[in-house]
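Peer 1: Mind having a look at this structure? Questions to follow.
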Ligand SMILES: *Cc1c(COP(=O)(O)O)cnc(C)c1O
């Protein structure tokens, strides 16, 4: 493990959180500076503080070139005060910088940038005119990568500031850097940067002494130092930035013939190419225009306008414009509680520019295009009934009755119901079990390939239409969608993939998670299969594996034929689960080379499932969620990841808390065979961030750190009980539990105070357990130990999917397990076809032993864990019964203890089999 973690990494143990550590460091300097100022009289102490200030300032300024504020002028003033030994001037300025950084006033207040008040008026003659209204205008930073002499940068920045006009919708400051390395670093750590201007001719190596950062960078962004030619570095950097932060607007300033360049592949990631000497105002406007494209929320903008227009309504929806509310004697509090805007923004009209979700031609259409762009898809559809409905729409759009879907049995119930509705036949495959936590992981690639090969052996591969998986799972297992799709496409090149990314919408905006998303993988594979290099690779593979048989296909990393392969990827995500949308806001993302075949059915499915009265506020919130992520998703996703990593570390290393609680690590959650890198946990000393990313690139499964399985069984609490305690005593809400754990998620809304609240709660509870154990004597301790054992060791085995009853299978002897679930489901609509058998009756044991087989009439889904342990038409096995008898949850959908298990009667099945020889 040769890497950055073992070099001096002051401030770099989490490279990507360097930006977050920044405010802390300035605060620390502030405290030191104050101490120095107070000590002036006693001079030998003063000297010591001055040295400390200098050291810390040196460390801080190592990275400061990445931000516009405080900038060269203020930093030089700090140096000058240090040199002059002027402790009070130093302290005053540090105090100002630190508090300005914290408040973010530099975004609003021009005064924050100047030296006025510190006895230096130099800025006053060069300060830009104060433009009214600047306080309200969103602020961003522009990174300029340039070969010009650093001594000219300050002036260049001021010249750009002078281009500001009163009616500019946004304002920006500039950050100048002189090299590829510095630029990459600035784009990484400074999330204020929204646009980058690349001026041809800059150098590769940084002029700063940052060996640790360089090492990190070298691993992180693919760099080919041998790249030659005048604009080669610009082109490389543009491509690197596009991969790392696809939302950034890139501009290229060049002497190369802009006309020729603009049409070439080199310019593909670039928004606009300018000739060096062109009008600066043009560039200024282009910068603002880029932000405007992301800032614009076509639907929301129009809805706001609509709400302020005087409109008489004679359509349905009496609450529209609040009329039935504010004039009411009895429900006026509805108006006061929700406020007027929500009522003024209600309408059932699709005129007045409101557009129609079902037949979008105006701002909803624009919004869909913006969504596709933002999320890296070819197309995007908006869901207003949650991902529960989005999944049904996609399943119905891509499958017709009789198609086979290879699907994780542990997926959300909307998929299973989707198969019943659409008549697709599920071929259930199993995720690896995590018996110790009573949960499932994800489905191994080998299992998926085996299912495909089984179908192939039985001559029905052509009927296998879709691979349907959950990425990431509730508990944070992230697939390697690139690898999964690649190998499946080698077996059948036109397979469709549905990735249910209900939890994972945010992942597009995280430079770390993106590699594990459906759309990220679709883009990567698409590019890969188009390349000449891949053709060669494929040819070599093919030569080595001529006449490959199925066994070999299973064992090797197989490659698809570039001439046949189609990229057909669908993603659904619950925008409301990870971004700022109202509940039920959902998206369907499409990257399908053959979408022309699906478009018609997609529209039908969309009509079948979408309300004709979609909620306007919900649509608007999807628009806003997209805007937010395109402008600050980078910062937010990094913050949430950082917070999660801190929580993990704090809990697992806390001397008291870690005696009773533990956050499950990647090693706990993913069996070694799927963790080829050997990564065991996040962060030093286990793995540097660079190593973590390598593991994320290659390993079969990786654990999303933002989803924390907190084991509470070792503290003597079951999941449900612990969840209740957190809610009642500490006002902490979580929603998923298992027998011995709860799931804690960090989100784009979480703060350090939230983390502190959780840590405090765990510490309080640990102390209480300690007290109880020491008061309880031996019997108390024995009781605790036995409770822990029952929760942590005596866990029920998780039942696998048994099989569909022969009546619902085409070929009862085959190895593929798909079945006709739909007829089984509807058979249960007739009471006469069904019987109930009580879970604890002898009859169950008798029939398990001697038959006739018991066949479930419906879905039985216990919460938690929330996956169906029985589906309609499934033969009920010993395992399932044993599991149900051990199950200690109260909520089991599809099962009522008083009635018993609902089954299809054996004679009905016998008759149906006979008649079903269609
Ligand atoms: C929550 C969830 C859904 C359903 O999404 P809603 O937006 O709540 O309807 C589907 N799939 C998975 C994996 C989920 O977690």
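Peer 1: In Å, what is the Rg of the alpha-carbon atoms in segment 751-855, and how long is Dmax?
Peer 2: Considering segment 751-855 through its Cα atoms, Rg and Dmax are 24.9, 65 Å.
Peer 1: Could you check the spin-label model distance between residue 782 and residue 658? Points 7 Å from the Cα along Cα→Cβ, value in nm.
Peer 2: For the pair residue 782/residue 658, the computed spacing is 3.2 nm.
Peer 1: While we're here: Looking at segment 621-661, I'd like the Rg to Rh ratio, where Rg is from alpha-carbon atoms and Rh is Kirkwood's inverse mean 1/r. Don't skip to the end; give the middle numbers.
Peer 2: Values: Rg = 15.8 Å, Rh = 12.1 Å.
Using Cα coordinates only, the ratio equals 1.31.
Peer 1: Where does the Debye-calculated log10 I(q)/I(0) of segment 642-746 sit at q = 0.13, 0.20, 0.22 Å⁻¹, using only Cα point scatterers of equal weight, no solvent?
Peer 2: With one equal scatterer per Cα and no solvent, log10 I(q)/I(0) is -0.49, -1.04, -1.19.
Peer 1: For segment 437-547, what Kirkwood radius comes out of the mean inverse Cα-Cα distance, in Å? Working shown, then result.
Peer 2: Working: mean 1/r = 0.0647 Å⁻¹.
By the Kirkwood definition, the hydrodynamic radius is 15.4 Å.
Peer 1: Related question: In whole angstrom, how far apart do the alpha carbon centroids of segment 636-674 and segment 572-595 sit?
Peer 2: 28
Peer 1: Right, next: Taking only the Cα atoms of the chain, how large is their convex hull per residue, in Å³? Mind showing how you got there, number by number?
Peer 2: Values: hull volume 208.4 nm³, N = 918.
Enclosed volume per residue, from the Cα hull, is 227 Å³.
Peer 1: How many times 2.2 N^0.38 Å is the alpha carbon radius of gyration of segment 336-414? It would help to have the intermediate numbers written out before the result.
Peer 2: Values: Rg = 17.2 Å, N = 79, 2.2 N^0.38 = 11.6 Å.
Normalised Rg, Cα atoms only: 1.48.
Peer 1: For a quick protection proxy, order the peptides 480-489, 320-329 by their average other-Cβ count within 10 Å, most packed first. List each step's numbers first, then the result.
Peer 2: Values: 480-489: 22.0, 320-329: 15.4.
Ranked by mean Cβ neighbours within 10 Å, highest first: 480-489, 320-329.
Peer 1: Segment 260-372: D in µm²/s via Stokes-Einstein (Kirkwood Rh, Cα pairs, 20 °C, 1.002 mPa s)? Provide the component values of the computation, followed by the final result.
Peer 2: On the way: Rh = 17.7 Å.
Reported coefficient: 121 µm²/s.
Peer 1: Continuing with the same structure: Principal axis extents for segment 342-496, Cα atoms only, whole Å, descending order, please.
Peer 2: 57, 39, 29
Peer 1: Counting only helical runs of four or more DSSP H residues, what would the 222 nm mean residue ellipticity of the chain come to if each run contributes -39,500 (n - 2.57) and the total is spread over all its residues?
Peer 2: Values: 36 runs with 422 residues, N = 918.
Value at 222 nm, helices only: -14000 deg cm²/dmol.
Peer 1: Another one. Cα-based Rg of segment 530-684 per 2.2 N^0.38 Å, rounded to two decimals?
Peer 2: Numbers: Rg = 23.1 Å, N = 155, 2.2 N^0.38 = 15.0 Å.
It is 1.54.
Peer 1: Another question about this same structure. If a paramagnetic tag sat 7 Å from the Cα of residue 879 along the Cα-Cβ line, which residues of segment 397-415 would have the backbone N under 13 Å from that point?
Peer 2: Within reach of a label on residue 879: 409-410.
Peer 1: Suppose R0 equals 56 Å. What FRET efficiency, 1/(1 + (r/R0)^6) with r the Cβ-Cβ distance, do residue 170 and residue 797 give to the nearest 0.05?
Peer 2: Values: r = 59 Å, r/R0 = 1.04.
With R0 = 56 Å, the Cβ-Cβ based efficiency is 0.45.
Peer 1: Between residue 79 and residue 676, how many nm apart are label points set 7 Å from Cα along the C-beta direction?
Peer 2: 4.9
Peer 1: I've got another one for you. Within segment 336-372, list the residues whose amide N lies under 15 Å from a label point set 7 Å along Cα→Cβ of residue 326.
Peer 2: Taking a point 7 Å out along Cα→Cβ of residue 326, the residues of segment 336-372 whose backbone N falls under 15 Å are 336-346.
Peer 1: For segment 851-903, place one equal point scatterer on every Cα, skip the solvent, and apply the Debye formula. What is log10 of I(q)/I(0) at q = 0.32 Å⁻¹?
Peer 2: Rounded to two decimals, the profile gives -1.56.
Peer 1: May I ask you to order 572-583, 835-846 by the average number of other C-beta atoms within 10 Å around their residues, highest value first? Can you show the working numbers first?
Peer 2: Working: 572-583: 23.7, 835-846: 13.2.
Ranked from most to least packed, the peptides come out as 572-583, 835-846.
Peer 1: How large is the direction-averaged shadow of the alpha-carbon convex hull of segment 625-693, in nm²?
Peer 2: On the way: hull surface 25.0 nm².
Taking a quarter of the hull surface, the average projection is 6.3 nm².
Peer 1: Could you please state, rounded to a whole Å, how far the C-alpha centre of segment 354-374 is from the C-alpha centre of segment 873-903?
Peer 2: Cα centres, segment 354-374 to segment 873-903: 45 Å.
Peer 1: What does DSSP give for the chain in terms of the percent of beta bridges that are antiparallel, rounded to the nearest 5? Write down the numbers at each step before the final one.
Peer 2: On the way: 37 of 77 bridges.
Once the DSSP bridges in the chain are tallied, antiparallel ones form about 50 percent.
Peer 1: Sorting check: for 619-631, 68-80, 771-783, which peptide has the highest mean count of neighbouring beta carbons within 10 Å, and how do the rest follow? Don't skip to the answer; put the middle values down first.
Peer 2: Numbers: 619-631: 23.1, 68-80: 18.3, 771-783: 11.2.
Result, highest mean Cβ count within 10 Å first: 619-631, 68-80, 771-783.
Peer 1: I'd like the projected area of segment 700-782, averaged over all directions, using the convex hull of its alpha carbons. Report it in nm² with one decimal.
Peer 2: On the way: hull surface 27.8 nm².
Across all orientations, segment 700-782 yields a mean hull projection of 7.0 nm².
Peer 1: List the equivalent ellipsoid semi-axes of segment 785-918 in whole Å, largest first, each obtained as the square root of 5λ for an eigenvalue λ of the Cα gyration tensor.
Peer 2: On the way: eigenvalues 160, 50, 37 Å².
For segment 785-918, the semi-axes come out at 28, 16, 14 Å.
Peer 1: For segment 810-868, taking Cα atoms only, what is the radius of gyration to one decimal and the Dmax to the nearest whole Å?
Peer 2: Cα-based Rg and Dmax for segment 810-868 come out at 14.0, 34 Å.
Peer 1: What distance in nm separates the simple spin-label points at residue 812 and residue 757, each placed 7 Å from Cα in the Cβ direction?
Peer 2: Each label point lies 7 Å from its Cα, and together they span 5.8 nm.
Peer 1: I've got another one for you. Going by how many other Cβ atoms sit within 10 Å of their own, how do 903, 154 line up, fewest first? Each step should come with its number before you reach the end.
Peer 2: On the way: 903 23, 154 16.
Sorted ascending by nearby Cβ count, the order is 154, 903.
Peer 1: Using a Förster radius of 25 Å, what is the FRET efficiency between residue 830 and residue 447 based on their Cβ-Cβ separation? Nearest 0.05, please.
Peer 2: Details: r = 36 Å, r/R0 = 1.43.
Taking R0 as 25 Å, the efficiency between residue 830 and residue 447 is 0.10.
Peer 1: Next question, about the same structure. Report the Stokes-Einstein translational diffusion coefficient (µm² s⁻¹, integer) for segment 291-433, Rh taken as the Kirkwood radius over Cα pairs, at 25 °C with viscosity 0.890 mPa s.
Peer 2: Details: Rh = 18.6 Å.
Rounded, D is 132 µm²/s.
Values in this text are rule-based calculations from the coordinates and carry no lab data. Please read these numbers as outputs of a predicted model, since none were measured by experiment. Backbone-built Cβ (ideal geometry, glycine too); neighbour counts: all protein chains shown.
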